[in-house]
């Protein structure tokens with residue numbers, strides 16, 4: 001296969017993406033002197049990427065289908081802004097062959113491979129057939145025709161028996177873990193097929209599926225490629241992306257702890273040969289599964305830049321966006337393979353807005369505090385803005401942090417320190433989970449990590465953290481601190497407390513504490529005593545004595561406290577319903593319920609509440625219907641992922657408050673099941 005690509009000079013580049021992705025591309029455009037154009041949805045009108053570009057064009061409403069996935073709107077924006085090239089970023093239309101063709105047909109330069117190359121690799125079934133023909137080892141599986149017979153449940157059941165369980169059911173047209181299900185045994189397959197088809201259709205516009213044998217404890221290793229229009233192809237080493245949750249990457253590093261020089265050469269040569277056979281031009285990634293014996297198997301090729309490209313940039317010293325631009329402009333790569341040197345080690349984490357103990361459910365909400373660890377020696381790519389929000393319309397990843405060191409341990413240590421100082425309040429995130437992963441003994445060693453690392457070592461879902469007595473007591477103090485006066489130096493004053501004390505209630509999950517704050521003025525300043533009494537009968541009361549409480553800065557967001565000679569700083573954000581604070585390397589969100597508030601529905605009550613703000617994709621029950629505990633009730637969709645809710649108890653659906661196509665707010669009652677009396 002030989003794919004040609006038209007080469008034209010260009011001067012102004014439109015970035016067909018949003019958020020940190022757009023900012024990343026705009027940074028290179030600015031450094032190289034290109035003009036830049038941003039596009040944005042109505043929801044992103046005040047996003048940083050809009051301000052970062054020379055010009056910006058609104059392309060539609062918040063929904064991606066009407067904005068960032070709207071090819072006609074993006075092409076109209078190029079004409080309005082005078083752009084002569086388009087960079088797709090990663091995600092959205094970056095691997096859409098019709099978009100690449102449309103850009104080319106409009107007389108513009110597409111900063112990426114040709115539409116033919118994207119088409120060839122965009123379908124997993126076709127890609128595996130082409131890779132086999134090029135001599136690439138592939139995982140045994142089924143890549144049947146995309147017709148009613150080839151995609152029928154009957155055919156998949158037959159092929160699954162031939163392949164052998166466990167198997168992976170995958171969307172043929174996509175990636176990123178969407179439309180992917182692990183099936184352990186035959187009776188699980190029909191439900192997995194239905195769920196994968198639905199999610200694939202929603203995410204990629206195609207319900208076509210393939211099957212692959214599920215390897216035992218594999219590593220996910222990928223090779224970064226660069227290819228020019230003069231026939232030169234080189235690889236830039238490998239990245240290890242084995243730490244995953246829900247089949248989506250969480251931590252990436254380069255080089256891989258499991259790849260030595262000989263294996264790197266074999267994988268690299270196979271990737272380069274396949275790309276050259278395809279006539280590929282631009283940046284791309286060959287993704288492999290690596291078994292314990294050092295055998296590698298092709299999974300897919302990503303015909304775009306990837307989120308994790310930053311770790312490759314760190315160890316090679318190259319700007320991959322720059323070389324995308326140079327290649328698109330017709331420049332030849334100036335290196336032979338032997339010229340590519342890998343220096344040191346780099347690790348990246350993806351900071352995502354999600355509720356980790358609830359099974360990594362994506363979350364939306366306001367950004368009350370965003371204090372990235374800029375004083376640490378790490379790269380931070382993000383479009384978060386304090387006072388902004390995390391939208392339900394887009395991906396849950398809100399930032400990535402990348403550390404580079406002379407060796408793996410230095411990179412890990414620097415990144416762990418940065419993560420422990422990364423403050424995000426207002427919306428739940430995986431920040432604490434990332435720190436736990438980076439400090440896990442198995443991850444520290446590196447050699448025992450595989451794609452099941454999270455389930456095996458962190459738990460699925462990971463257990464919720466437990467606040468320390470110190471955290472609880474400081475949270476209680478924080479609920480009052482925002483309302484109390486302070487002197488010119490920011491020291492908190494006591495007189496506003498009624499009779500020198502304040503009382504209230506704190507709640508974290510199912511745990512509740514009654515607190516009392518006592519303030520005693522003296523010549524040396526106010527002495528503070530925080531007493532907390534847990535509601536749980538088996539728990540003991542505790543107290544905290546503080547001799548120094550001082551606001552740092554005028555915005556009342558950071559409080560310095562001193563207790564028993566130990567001084568520390570806590571970042572605080574108070575809300576109408578509680579207080580959030582960053583303490584001991586984690587974000588904590590405490591509710592402040594009134595003591596007379598009625599008890600909320602318990603897990604066994606039959607109340608099914610929305611675990612996140614989402615669209616109701618499917619309702620599977622009707623009022624009056626009998627259901628069994630564990631039976632599927634509803635499917636919600638948020639941030640490009642589907643979430644199935646099941647019956648908490650056996651009983652009868654007495655109340656149904658939602659319908660397909662509607663919206664649900666986090667915590668809203670969706671339906672009520674009345675327990676079935678034996």
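Given R0 = 56 Å, the distance between the Cβ atoms of residue 527 and residue 358 translates into a calculated FRET efficiency of 0.90.
Would you mind getting me the FRET efficiency between residue 468 and residue 217? Use the beta-carbon distance for r and R0 = 25 Å, nearest 0.05. Working shown, then result.
Details: r = 35 Å, r/R0 = 1.40.
After rounding to 0.05, the efficiency reads 0.10.
Ranking of 155, 303, 622 by neighbouring Cβ atoms within 10 Å, starting from the fewest: 622, 155, 303.
Relative to one another, the C-alpha centroids of segment 651-668 and segment 520-557 are positioned 42 Å apart. Going from the fewest other Cβ atoms within 10 Å to the most, the residues 201, 567 appear in the order 567, 201. If you wrap the tightest convex hull around every Cα atom of segment 325-479 and split its volume per residue, you get 180 Å³.
Here's the picture: a label point sits 7 Å out from the Cα of residue 106 along the beta-carbon direction, and within segment 56-74 the residues with their amide nitrogen under 11 Å of it are 70-74.
How much length would be gained if the chain were fully extended between residue 138 and residue 230, taking 0.36 nm per residue of separation minus their Cα-Cα distance, in nm to one decimal?
The span from residue 138 to residue 230 would gain 30.3 nm if fully extended.
Taking 7 Å steps out from each Cα toward its Cβ at residue 650 and residue 668 produces label points 3.2 nm apart. Can you give the translational diffusion coefficient of segment 210-263 in µm²/s, computed by Stokes-Einstein from the Kirkwood radius over Cα pairs at 25 °C and 0.890 mPa s? In µm²/s, the coefficient rounds to 186. Axis angle, to the nearest 10 degrees, between helix 189-204 and the longest C-alpha principal axis of the chain: 80 degrees. Judged by the mean number of other Cβ atoms found within 10 Å, the most tightly packed of the peptides 180-189, 481-490, 67-76 leads the ranking 67-76, 180-189, 481-490. Counting beta carbons within 10 Å around each of 216, 229 and listing the fewest first gives the order 216, 229. Global size of the chain: 26.9, 86 Å for Rg and Dmax (C-alpha atoms, Rg to one decimal, Dmax whole). Relative contact order of segment 140-213, taken over Cα pairs closer than 8 Å and 6 or more residues apart, is 40 percent.
With everything on Cα atoms, drop me the angle between helix 408-420 and the longest principal axis of the chain, reported from 0 to 90° to the nearest 10. That works out to roughly 40 degrees. Ellipsoid fit via the Cα gyration tensor, segment 469-591: semi-axes of 22, 16, 14 Å, each the root of five times an eigenvalue, largest first.
For the peptides 375-381, 398-404, residues were scored by their other Cβ atoms within 10 Å and the scores averaged per peptide; the highest-first order is 398-404, 375-381. Using C-alpha pairs below 8 Å separated by at least 6 residues, the relative contact order for the chain is 9 percent.
Run the numbers for residue 540 and residue 626: contour at 0.36 nm per residue of separation, minus the present Cα-Cα distance, in nm. Present the calculation step by step, with values, prior to reporting the outcome.
Numbers: separation 86, 0.36 × 86 = 30.96 nm, distance 4.41 nm.
Result: 26.6 nm gained on full extension.
Extending 7 Å from Cα along the Cβ direction at residue 609 and again at residue 262 yields two label points whose distance is 5.8 nm. With respect to the chain, whose longest principal axis is taken over its alpha-carbon atoms, helix 19-32 is tilted by about 60°.
In segment 469-591, Cα pairs under 8 Å separated by at least six residues give a relative contact order of 21 percent. The residue 442 and residue 80 beta-carbon pair, evaluated with R₀ = 35 Å, returns a calculated FRET efficiency of approximately 0.10.
Between residue 343 and residue 269, 0.36 nm times their residue separation minus their Cα-Cα distance comes to what?
Length difference between fully extended and current span is 24.6 nm.
Note on segment 372-422: percent of Cα-Cα distances in each 10 Å bin, starting at 0 and stopping at the bin with the largest distance, equals 24, 45, 24, 8.
None of the figures in this text is laboratory data; all of them are computed from the coordinates on show. All figures in this text were calculated on a predicted structure; none of them were measured in a lab. All Cβ positions, even for glycine, are placed from backbone atoms using ideal geometry, and neighbour counts span all protein chains on display.
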